[in-house]
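Before any comments, here is the structure.
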Amino acid sequence: MFSNLPPVTKALLIANGLVFALQLILGDYALAQFMLWPPGDDYARFGFMPWQLLSYGFMHGSAAHLIFNMLALLMFGAPLEHVWGQRRYLTYYLVCVAGAGLCQIAVGAWTLAQGGEAYPTVGASGGIFGLLLAYGMLFPNQRVMLLIPPIPMKARTLVLVYGALELLMGITNTMPGVAHFAHLGGMLFGWLLIRYWRGQPPFGRRGPPRMRAVR
């Protein structure tokens with residue numbers, strides 16, 4: 001099965017696994033400068049650096065965190081790579097990771113401005129949620145099975161359910177150790193990029209395309 005995976009999906013799985021192995025061997029502190037740190041936090045040991053917008057997406061906080069994300073990458077990423085091709089698929093994934101990071105930075109800055117505490121962020125979940133959105137847009141009627149609970153539903157429904165849950169938990173601060181708005185940011189930037197590729201608003205023409213006369 002692994003040998004038949006498309007190359008970019010396989011490379012992402014390997015990269016995430018290797019980085020997590022480095023975290024276990026070297027410890028998180030040795031790699032802390034690659035986590036996504038909120039800018040403006042005077043108490044942070046490491047400040048924000050531009051490369052963190054991508055590097056944080058290859059680090060994970062636990063084995064369960066890694067396994068869940070990689071299963072989702074395998075489930076949703078491979079079909080998208082087959083449809084889009086390697087370059088577009090990789091571009092989409094990295095844009096979602098970086099977009100999720102930007103949203104998390106904005107939330108962290110707002111939290112600090114309110115006198116709260118912000119923490120470094122790790123995980124591929126922003127990219128994974130972007131892949132989930134794309135899968136729901138490209139294969140809306142494809143039936144998928146949730147792991148917990150094991151309920152089958154259409155991909156479009158799964159996207160709406162997960163998006164609504166993340167928004168609700170983010171607003172109510174449920175599970176504060178989870179970057180809910182980063183997940184939503186991955187979905188948002190993924191949606192915008194797909195709209196851009198399709199030439200749809202806010203990037204393309206707002207009216208219906210003109211029909212050329214066929215002779």
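The values are calculated or read from the model by the stated rules, or taken from the named source; none is laboratory data. Model, not experiment: these values are computed from the prediction. We place every Cβ from the backbone using ideal geometry, glycine too, and count neighbours over all the protein chains shown.
Results for (1) touching a Gly at 6+ places or on another chain (Cβ under 7 Å); (2) surrounded by 15 or more Cβ atoms within 10 Å (Cβ to Cβ); (3) over 30 Å from GLY27 (Cα atoms); (4) among the acidic types (Asp, Glu), shown as yes or no for each residue.
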{"residue": "ALA118", "(1), (2), (3), (4)": "yes, yes, no, no"}
{"residue": "THR121", "(1), (2), (3), (4)": "no, yes, no, no"}
{"residue": "ALA134", "(1), (2), (3), (4)": "yes, yes, yes, no"}
{"residue": "LEU146", "(1), (2), (3), (4)": "no, no, yes, no"}
{"residue": "LEU158", "(1), (2), (3), (4)": "yes, yes, yes, no"}
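Which count do you get for residues in segment 80-107 that are among the β-branched types (Val, Ile, Thr) and surrounded by fewer than 18 Cβ atoms within 10 Å (Cβ to Cβ)?
Total meeting the criteria: 2.
Is it the case that ILE105 is in a helix (DSSP H, G or I), over 13 Å from GLY127 (Cβ atoms) and free of Cβ contacts under 8 Å to residues at least 40 places away in the same chain? I'd like the intermediate steps shown before the answer.
Details: in a helix (DSSP H, G or I): yes; over 13 Å from GLY127 (Cβ atoms): yes; free of Cβ contacts under 8 Å to residues at least 40 places away in the same chain: no.
Here the answer is no, as ILE105 does not meet what is asked.
Of the residues that sit in segment 52-79 and are part of a loop (DSSP other than H, G, I, E, B) and modelled with pLDDT of 95 or more, which one is surrounded by the most Cβ atoms within 10 Å (Cβ to Cβ)?
Among them, the one singled out is MET59.
For VAL95, all conditions in the list (1) out of contact with any helix residue (DSSP H, G or I) (no Cβ under 8 Å at 6 or more places or on another chain); (2) part of a helix (DSSP H, G or I); (3) not hydroxyl-bearing (Ser, Thr, Tyr) hold save one; what is the number of the exception?
Result: VAL95 fails condition (1) only.
Yes/no per residue for (1) out of contact with any strand residue (DSSP E or B) (no Cβ under 8 Å at 6 or more places or on another chain); (2) on the phi < 0 side of the Ramachandran plot; (3) of a type in the set (A, V, I, L, M, F, W, C):
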{"position": "MET145", "(1), (2), (3)": "no, yes, yes"}
{"position": "ILE151", "(1), (2), (3)": "no, yes, yes"}
{"position": "ARG156", "(1), (2), (3)": "yes, yes, no"}
{"position": "VAL159", "(1), (2), (3)": "yes, yes, yes"}
{"position": "TYR162", "(1), (2), (3)": "yes, yes, no"}
{"position": "LEU167", "(1), (2), (3)": "yes, yes, yes"}
{"position": "ASN173", "(1), (2), (3)": "yes, no, no"}
{"position": "HIS180", "(1), (2), (3)": "yes, yes, no"}
{"position": "GLY185", "(1), (2), (3)": "yes, yes, no"}
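Go through segment 1-50 and count every residue that is in a loop (DSSP other than H, G, I, E, B) and either surrounded by 13 or more Cβ atoms within 10 Å (Cβ to Cβ) or at pLDDT 95 or above (or both).
13
Condition first: among the aliphatic types (A, V, I, L, M) and either at pLDDT below 95 or closer than 16 Å to ALA155 by Cβ (or both). Now tell me which residues in segment 80-101 satisfy that.
The answer is LEU80, VAL83.
In segment 135-180, how many residues are among the hydrophobic types (A, V, I, L, M, F, W, C) and either under 15 Å from ALA72 (Cα atoms) or assigned to a loop (DSSP other than H, G, I, E, B) (or both)?
Step one: of segment 135-180, the residues among the hydrophobic types (A, V, I, L, M, F, W, C) are 137-139, 144-148, 151, 153, 155, 158-161, 164-165, 167-169, 171, 175, 178-179.
From the residues that got through so far, the ones that are either under 15 Å from ALA72 (Cα atoms) or assigned to a loop (DSSP other than H, G, I, E, B) (or both) too are 139, 144-148, 151, 155, 158-159, 175, 178-179.
Residues flagged as among the hydrophobic types (A, V, I, L, M, F, W, C) and either under 15 Å from ALA72 (Cα atoms) or assigned to a loop (DSSP other than H, G, I, E, B) (or both) within segment 135-180 amount to 13.
Of the numbered conditions (1) out of contact with any Asp or Glu (no Cβ under 9 Å at 6 or more places or on another chain); (2) touching a residue at least 40 places away in the same chain (Cβ under 8 Å); (3) of a type in the set (S, T, N, Q), THR9 fails exactly one; give the number of that condition.
Only one criterion is unmet by THR9, namely (1).
Which residue out of GLY123, GLY130 is within 17 Å of ASN69 (Cα to Cα), modelled with pLDDT of 85 or more and in a loop (DSSP other than H, G, I, E, B)?
That would be GLY123, the only listed residue that is within 17 Å of ASN69 (Cα to Cα), modelled with pLDDT of 85 or more and in a loop (DSSP other than H, G, I, E, B).
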